[in-house]
């Protein structure tokens, strides 16, 4: 019995139409990455386990896919370990490599290993798949692409401004008008914790605050209380729950709240510089908005925090995010290299463009010309003709076999071919070919010797 | 102590210059795949183990990277199996997924799973990494890209002719003049084994014959004898050892040798049709040559066999190969689908282009314009200027910090920037910018309001 084939859960096959659409997004992102001066790197799909393990917290470690050692892997396990029959003890003995979990840690590893050949500040982009043993669900996969751009070795807020512009440029090019780039700063969050006297509960405080739009002010207050933040502290933080107005107005409110916190005021000053710079240069279609509740990846970011949401009316989580981190390469021994990066969520952007009907029509056209096959002599003439077409960059093929005309035309329809070329016995004798416009049904006859008249139509 | 980072043996980091060169090759291949009517698909990096295991022989099974089950993997192993402490018994209990070993088996799996949505004949291409736990050595890696184009569901030799043209088109475009496309047919090899009375030793016979250019006629005769092929049989096959002349001349010799073998004559007839078709259409820079010693992947191919070698003078194994296979999808339950495919060896093509100095110079240019940073006000003006440049597709950046001019110019040199833009205090006051040609040292002043005068220079 032959196997009935399947693929692992959480993974996907991409058919031609999907690849075309995914590539459209990727190429757009890539184009702007390059126009902004970022250079591509690629790192291996798997890393040594000790490069990855311990970098993403306990949950992350669990979700990393481990690769079994090759050959007689079990013979290298000593008897004591083996007799324990514990996965955690066996793991390091039978697996030394793991699939990359994100592009950031491999990038940090890359920077440290290649530090002597890199011209800092180093602006790199990387568009590669990552793997996570997460429970698959709608929009969450075990294999997915990340599209990251990072600058390391430069700590001016020019970078923040440029990355906001970059988001705007990409989403504008994708015709995704009205995305919102939310902006916060870790230093503001630290400052708030400081002025309300809850530094020791910074994480709990920001995790609760981050849920404001989901659970509302009452919910946030309850969660903070439950985490041990005092009523007095929460009351001091109350202005945050109702912050509104333009970004600069919000900054004014923050200044009065954070006046006594040096780090908080530093965060406000940074945001102010970023916002005035971005406003001076101007955004095309995106909205830039301060959001003090934004906390994503707090342990990781040390300055600016970004998150992009799709235009209103599309229900979708964030379609991009990022921020500044001050010591990413430190874990691999290279200290004091400030970095800032942003990421685009390919799968979610795909779903948004699909929902809004924003994929260009031309992506559906996989071929320009199909030659109908009428037999050996005719198809040889077709082959000569399409060789010329192909040299002009026209996507063309001869139907491989001289089957029924009807079947060949059905194939042409299914592949949405704009032009079908017919070279039958008579055309062959006359040195001509007939081109049929599949939209209008119109047919025109051309000489084999001058294809230019036809290619102009395409 | 921070970790000293490393990457697994047999894997590679690709730095910007390498990515640019690899992408140049990949984009060239891709362009021609598309112009020839092939459509892209992508399959997951890992497959269910039973999709891959048993498809590549025992050696192949050993070289497949297996992925450890997530979570408490060992708890699912029964005590009897566990107490055996045998890798082969444990493997299926602790691993259900494996990294893909090539693109062909996943493609066959794809065709079977998606057969109802595919318009046959299906011309697909696929450019993705594969992984093999091979011993790494010069030019052999544990992670490498395959670039495959296959047609399934069409058995006319038009396909063979087109794929030969496709090789020619790609290598011509890469300026790799003088590659040789070697052509054989499994049926000819079967025919020879038949007429010399060694059908039962077909594999041994062809494996030995395949070594003719390495070990010479004497060596081949010795190996055949050792494998149990009779002196008489070898004597009958002797004309093969000295076959020469044009492809059509060789076919004439084969006809006299194979006259009594139906399958052999069928193979000759197929080759003849392929060669006359290709000659009628013409090749641009490649040589097409019959090579009856060519046997690669014999178990797999049932008709035409291709192999491409680099131009003479470059010592490198094959840079491409492929052939026709008649029942690839049968293993997954879809019978009678004939297929033919070719593959491009990215890593070897890279080495050949490098050895011959054929990479275009423009690949080294990662950026068009760098703006020197003279401080906050000046860099804001720079940012506005390069926003306009970027909108015109020009790769541009502002140096992130206002450090010493010398350091910024060094960075510009290292990144091989053709133009550096200077906006100092005075230029800012005048609404001007200075562009310095880094090749000639020439400087010109332009008005900020009309960048066209400058962009024309680029």
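Data for the structure
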quantity: Scattering profile of the range B:365-455 at q = 0.12, 0.17, 0.26 Å⁻¹ [log10 I(q)/I(0), Debye over alpha-carbon scatterers]; calculated: -0.30, -0.63, -1.61
quantity: With Cα atoms, 0 to 90° folded angle of helix B:104-113 axis to chain B main axis; calculated: 90 degrees
quantity: Pairwise centroid distance, computed over Cα atoms, of the range A:62-95 with the range B:316-385, Å; calculated: 37 Å
quantity: B:151, A:369, B:112 arranged by Cβ crowding within 10 Å, fewest neighbours leading; calculated: B:112, A:369, B:151
quantity: Separation of the residue B:200 and residue A:93 label points, Cα + 7 Å toward Cβ, nm; calculated: 4.9 nm
quantity: Tensor-based shape of the range B:63-108 (alpha-carbon gyration tensor, a/c under 1.5 rounded, otherwise prolate or oblate); calculated: prolate
quantity: R0 of 41 Å, Cβ-Cβ distance residue A:226-residue A:361: FRET efficiency to nearest 0.05; calculated: 0.20
quantity: Packing rank of B:88-101, A:134-147, where each peptide gets the mean count of other beta carbons within 10 Å, highest leading; calculated: B:88-101, A:134-147
quantity: Per principal axis, descending, Cα span of the protein assembly as shown in whole Å; calculated: 100, 76, 53
quantity: Among B:303-314, A:20-31, A:220-231, the order from most to least packed when residues are scored by Cβ within 10 Å on average; calculated: B:303-314, A:20-31, A:220-231
quantity: Linear extension gain, residue B:273 paired with residue B:211, 0.36 nm per residue minus alpha-carbon span; calculated: 19.6 nm
quantity: Nearest-first distances (nm) between copies at residue A:453, label 7 Å from Cα via Cβ; calculated: 4.8
quantity: Two-decimal Rg/Rh across the range A:201-278, once Rg and the Kirkwood Rh are taken from alpha-carbon atoms; calculated: 1.00
quantity: Sum of -39500 (n - 2.57) over DSSP H runs of 4+, divided by residues of chain A (222 nm, nearest 500); calculated: -12500 deg cm²/dmol
quantity: FRET efficiency, residue B:300 to residue B:50 (Cβ-Cβ, R0 22 Å, nearest 0.05); calculated: 0.65
quantity: Ascending list, in nanometres, of distances separating the residue B:442 label from those of the other copies (7 Å, Cα toward Cβ); calculated: 4.8
quantity: Viscosity 0.890 mPa s, temperature 25 °C, Stokes-Einstein D of chain A from Kirkwood C-alpha radius, µm²/s; calculated: 93 µm²/s
quantity: Average beta-carbon neighbours from other chains, 10 Å sphere, peptide A:394-402; calculated: 6
quantity: 0 to 90° range, to nearest 10: angle between helix B:212-226 axis and chain B longest Cα axis; calculated: 30 degrees
quantity: Whether the range A:1-113 is rounded, prolate or oblate, judged on the alpha carbon gyration tensor where a/c under 1.5 counts as rounded; calculated: oblate
quantity: Position residue B:85, label points 7 Å along Cα→Cβ, spacing to each other copy in nm (shortest first, one decimal); calculated: 1.5
quantity: Share of pairwise Cα separations in the range A:106-203, more than 20 Å, in percent; calculated: 64 percent
quantity: Separation of alpha-carbon centers, the range A:108-179 and the range B:217-275, rounded to whole Å; calculated: 58 Å
quantity: Rounded to 10°, Cα long-axis angle of helix B:376-391 versus longest principal axis of chain B; calculated: 40 degrees
quantity: Relative contact order computed over the range A:365-455 (Cα-Cα under 8 Å; 6+ residues apart), in percent; calculated: 31 percent
quantity: Shielding score for B:163-169, defined as the mean number of other chain Cβ atoms within 10 Å; calculated: 1
quantity: C-alpha center-to-center spacing [the range B:3-36, the range A:1-50] in angstrom; calculated: 14 Å
quantity: Inter-label distance, nm, simple model (7 Å from Cα along the C-beta direction), residue B:4/residue B:438; calculated: 3.4 nm
quantity: Inter-label distance, nm, simple model (7 Å from Cα along the C-beta direction), residue B:27/residue A:84; calculated: 5.2 nm
quantity: Per-residue average of Cβ from other chains inside 10 Å of B:327-335; calculated: 2
quantity: Sites residue B:326 and residue A:402, calculated FRET efficiency, Cβ-Cβ separation with R0 22 Å, nearest 0.05; calculated: 0.65
quantity: Stretchable slack from residue A:416 to residue A:455, in nm (0.36 nm times residue separation minus alpha-carbon distance); calculated: 12.2 nm
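Every number here is computed from the coordinates shown, using simple stated rules; none is lab data. Model, not experiment: these values are computed from the prediction. Here the Cβ is made from the backbone with ideal geometry for all residues, glycine too, and neighbour counts use every protein chain on show.
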